[in-house]
Amino acid sequence: MAEVTPSGSGGPLRLSGPALDGGMQIRGGIGGITFQLEELVGGAEKLDLLADELTAVETVVQRIQNNLGPYRLDQAVAWTEAMSSLTRSCAGIRTVRTELQAISSQVRDSKRDYEAAEAVTGLFANMGIPSLADFEHVRLDDPLWPDLRGTDLVLRNVVKAKREILGIAEAAFPALKPRRIVVDRKESLPVDFDGSPAALLERARIVDARGPGYMEVIETVSDGQKAYVVVIPGTQAGGDIGGANPFDVAGIAEAVGHGSAEVNIAVRAALQDAGAERGAAVVAVGYSQGGIHAMNLAADPLFRSEYDMKYVLTAGSPVGGIDVPGDVSALHFEHRQDAVPGADGTANPDARNRVTVTLLDQVRTPDGEDVGLGPGHRLANYQEAARLASASDDPTLSHSTAVLAGVLGAGGTATATRYAMTRTPAEKLSAPGPRLQPAQAPSSPKSESDRQAATGRMQG
């Protein structure tokens, strides 16, 4: 298809791969190959319509030729000129029509060939056979930390058996099984919030610093329209696995194996308590494990029947295997040195509504800081990437961040309500009870900084 071009158009049609902007690789969205092919096929359909119209014109020209009748000696010059003109016109129309039909056909063939190539690549990847491009991700300078693509390849076949693996794990460790989550509103306070990707990830940092098991609902108002942001932290290690904190290591099992069933219900209860009416616009943001929960919210038909999920932002999260409707936009941040996003063994899809930004710069854990899950998984890296994404001139990123701004507006003062999420003890599983704790008078400091000063807790 790359060499197909209408006569005199000035150049061939070409597809472009993932864009590079500084240290970011940008895949999917309106610059993705899938969207490019969809647009080309849409153009091919218009070419088909034009070809049909030219066929009708060609028929009319032939009819006029037939109506000229046989050669007439008394009008030889006029008849010859008319017949010659009609013949040339008919030939020209036929040439253009044939060319349009050929371009349309080859565009469709190109899409079919691309899909076939993707299927073959996926087949080999599912068998654990890497492609040559995968070796670009092999890093010899830091072999102790697996990278994004390497983890994806290694775990691809393991993830296919995740249900069986989780079933065995839950049978051996019943604490891993999801349990009802009780939601307790703790405080509501005004916060400065500009609605950007960086601001969203900053909220994830602040909520994590608030304490284990906390999540946040932010109410924003733009042009008189309310929208709500659900902020979910990453995995909070420490304490008993499968204990009271739904975002501990056992929370990963619920997110990956059970579609965040209990977390989804708890988030709906928090939104209702925060005043979100049915049909309200929602944005979900999550880091690491929190990103899986955020995407599971967008994929949950029950949640979407109550709220209008508009946008999901994830950072360092393995979410390639979670399908969301086409009207939900998603922006995913990954780092080449971060193995966690590849833990599901599935690359994020190249789709119009999903943009994946992969950070390519080499990073190291700052001296004195906990290594954690490796230098690439640090939230600070993703916060910086979010700032770069907002400042980027790349059309795909500009479009994605514009969608987010369209939901949340230009920002200003918003209201953040914090909730403590607590798993029901295992011995109380059979005892029904309320999802939401009885309403209490929440503390309402004048601002977030006032609250920090009052409690003496550093946010982050």
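A few remarks follow.
- Scanning the range 8-32 for residues that are modelled with pLDDT under 75 and within 23 Å of the chain's Cα centre (by Cα), we see that the one that is surrounded by the fewest Cβ atoms within 10 Å (Cβ to Cβ) is Ser16.
- The residues on offer are Leu200, Leu176, Leu166, Leu155, and the sole one that is of a type in the set (A, V, I, L, M), closer than 26 Å to Leu360 by Cβ and modelled with pLDDT under 95 is Leu155.
- Residue count, the range 346-356 (criterion: touching a Lys or Arg at 6+ places or on another chain (Cβ under 8 Å) and assigned to a strand (DSSP E or B)): 2
- Flag if Arg418 is over 16 Å from the mean Cα position of the chain (by Cα), of a type outside the set (Asp, Glu) and under 22 Å from Gly234 (Cα atoms): yes
- Once the range 204-241 is narrowed to residues that are more than 18 Å from Met309 (Cβ to Cβ) and touching a Lys or Arg at 6+ places or on another chain (Cβ under 8 Å), the residue that is surrounded by the most Cβ atoms within 10 Å (Cβ to Cβ) is Val207.
- Matching residues in the range 41-58 - criterion: being surrounded by 13 or more Cβ atoms within 10 Å (Cβ to Cβ) and either touching a Lys or Arg at 6+ places or on another chain (Cβ under 7 Å) or over 17 Å from Glu99 (Cβ atoms) (or both): Val41, Ala44, Ala51, Leu54, Thr55, Glu58
- Residues satisfying the stated conditions in the range 303-313, i.e. outside any strand (DSSP E or B) and hydroxyl-bearing (Ser, Thr, Tyr): Ser305, Tyr307
- Enumeration of residues in the range 28-51 that are in contact (Cβ under 8 Å) with a residue 40 or more places away in the chain, within 23 Å of Val355 (Cα to Cα) and not hydroxyl-bearing (Ser, Thr, Tyr): Gly28, Gly29, Ile30, Gly31, Gly32, Ile33, Phe35, Leu37, Glu38, Leu40, Val41
- Selection status of Thr80, of a type in the set (Val, Ile, Thr), assigned to a helix (DSSP H, G or I) and under 60 Å from the mean Cα position of the chain (by Cα): no
- Only one of Arg268, Arg180, Arg205, Arg210 that is under 22 Å from Ser390 (Cβ atoms) and among the charged types (D, E, K, R): Arg205
- Subset of the range 384-430 (residues that are of a type in the set (Val, Ile, Thr) and within 22 Å of Ala270 (Cα to Cα)): Val407, Thr413, Thr415, Thr417, Thr422, Thr424
- Answer from Asp338, Asp323 - the residue that is assigned by TED's automatic domain parsing to the domain that holds Ala237, among the charged types (D, E, K, R) and buried (at least 24 other Cβ atoms within 10 Å of the Cβ): Asp338
- Lone unmet requirement of (1) touching a helix residue (DSSP H, G or I) at 6+ places or on another chain (Cβ under 7 Å); (2) small (Gly, Ala, Ser); (3) more than 16 Å from Ile26 (Cα to Cα) for Ala386: (3)
Residues are listed down the side, and each one gets a yes or a no for (1) under 23 Å from Ala298 (Cβ atoms); (2) out of contact with any strand residue (DSSP E or B) (no Cβ under 7 Å at 6 or more places or on another chain):
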{"residue": "Asp208", "(1), (2)": "yes, yes"}
{"residue": "Gly211", "(1), (2)": "no, yes"}
{"residue": "Val221", "(1), (2)": "yes, yes"}
{"residue": "Lys226", "(1), (2)": "yes, no"}
{"residue": "Val229", "(1), (2)": "yes, no"}
{"residue": "Pro233", "(1), (2)": "yes, no"}
{"residue": "Ala237", "(1), (2)": "no, yes"}
{"residue": "Pro246", "(1), (2)": "yes, no"}
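The values are calculated or read from the model by the stated rules, or taken from the named source; none is laboratory data. Predicted model, so just to flag it, every value in this text is computed and none were measured. In this analysis, Cβ positions are derived from the backbone assuming ideal geometry, glycine residues included, and neighbour counts consider all displayed protein chains.
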